[in-house]
Amino acid sequence: MTSGDMYGLLFVYIYVLFLIIVTEKIVNKGLLSRKMLHIGVGNVLFILPLFDTRWVMTFLAAAPFIVLTFLMSPYSPLKTVSKTSSKGHSLGLFYYAISWTVLAFFFFQRLEVIAVGIVAMSYGDGLASMVGVRFGKKKFNVCGDEKSVEGSITMFAVTMIMISVVLMYYGAGPHPLYLLPLVPLAATFFEGITPKGLDNLTVSLSAAIFYYLLF
């Protein structure tokens, strides 16, 4: 383990702990707290360049949150643990952690691919859900989970903007402008058709894979 790996782990755990304290102990507003945590965790993308080795990022930074988020779900055997994930889809954050782990393992050599998947899942899906709940009027239901046109538009726009931020931050590109929108379009499509919190898997993986295949 290098010094970069150690700093990466330190910053990831301090940042996530800070988010949990702020959202669950200070804000403590149910769905709002969960969505703030969901979106805020996406900022780990700015920490990724500190890591030097795949196994540290995958198995020490990302994978432990699979266990943690499961313990914070309604399925946890520990009844005294705060059930953050119980507000909304019960395993949403658990799937979120799985996505980050998978992305870290397969795309470590291209950190911008990991980051694209993370922003689609965090900023894109998180804000789409908030807009859909608050302003969604035109509803649709494809696979058993109601979504809204307003939420889908937000999903596409926010993901497109945040992917541009990722590319600038990582110095990736330039990419053909006519191809880049296909990435948030794919993420929006899978967000719209995926039910029961599983979009925290399909959104991130589809965005990352489409980006990787296109660029």
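Just so you know, all these numbers are worked out from the coordinates, no wet-lab data involved. Quantities reported herein were computed from a predicted structural model and do not represent experimental measurements. With ideal geometry, Cβ positions are generated from the backbone for all residues, glycine too; neighbour counts draw on all protein chains shown.
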Under the Karplus relation 6.51 cos²θ - 1.76 cosθ + 1.60, θ = phi - 60°, what is the ordered set of whole-Hz ³J(HN,Hα) values for the stretch 106-121, x standing for Gly and Pro? 8, 10, 4, 6, 9, 4, 5, 5, 4, 5, 4, x, 5, 5, 5, 6
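Charges at C-beta only: +1 for Lys and Arg, -1 for Asp and Glu. How large is the resulting dipole of the stretch 83-196 about its Cα centre, in Debye rounded to 20?
Dipole of the stretch 83-196, to the nearest 20 debye: 320 debye.
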Skipping prolines and chain starts, which residues have an amide H placed within reach, meaning under 5 Å, of the one on Y75, given they are 5 or more residues away or on another chain? none
Calculate, in nm to one decimal, what M168 and R134 gain on full extension: separation in residues at 0.36 nm each, minus their alpha carbon distance. 9.1 nm
For S148, list long-range residues whose amide hydrogen, built 1.01 Å from N in the peptide plane, is under 5 Å from its own amide hydrogen. F140
Can you give me the distance in nm between label points at V142 and A157, each placed 7 Å from the Cα along the Cα-to-Cβ direction? 2.0
Based on Cβ point charges of +1 for Lys and Arg and -1 for Asp and Glu, what charge dipole magnitude is obtained for the chain about its Cα centre, in debye rounded to the nearest 20? 680
Kirkwood Rh over Cα pairs of the chain into Stokes-Einstein at 4 °C, 1.567 mPa s: D in µm²/s? 75
Helix-only estimate, please: 222 nm mean residue ellipticity of the chain, summing -39500 (n - 2.57) across DSSP H runs of length 4 or more and dividing by its residues, to the nearest 500. -18000 deg cm²/dmol
Using only alpha carbon pairs under 8 Å that are at least six residues apart, calculate the relative contact order of the stretch 3-214 and give it in whole percent. 20
In whole Hz, what ³J(HN,Hα) sequence does the stretch 208-214 give by Karplus (6.51, -1.76, 1.60; θ = phi - 60°), x for Gly and Pro? 5, 5, 4, 4, 4, 5, 7
With the label point 7 Å along the Cα-to-beta-carbon line of D52 and a cut-off under 18 Å to each amide N, the hits in the stretch 95-119 are 108-111
Reduced to Cα centres, the span from the stretch 42-70 to the stretch 116-159 in Å works out to 25
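In the chain, what is the count of Lys pairs whose alpha carbons are under 13 Å apart, counting only pairs at least 8 residues apart or on separate chains?
Total qualifying Lys-Lys pairs in the chain comes to 8.
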Between V27 and H175, what's the calculated FRET efficiency when r is the beta-carbon distance and R0 is 30 Å? Round to 0.05. 0.25
Which of I14, V166, Q109 sits closest to the plus end of the dipole of the chain, meaning its Cα is farthest towards the positive end, when Lys and Arg get +1 and Asp and Glu get -1 on the C-beta? I14
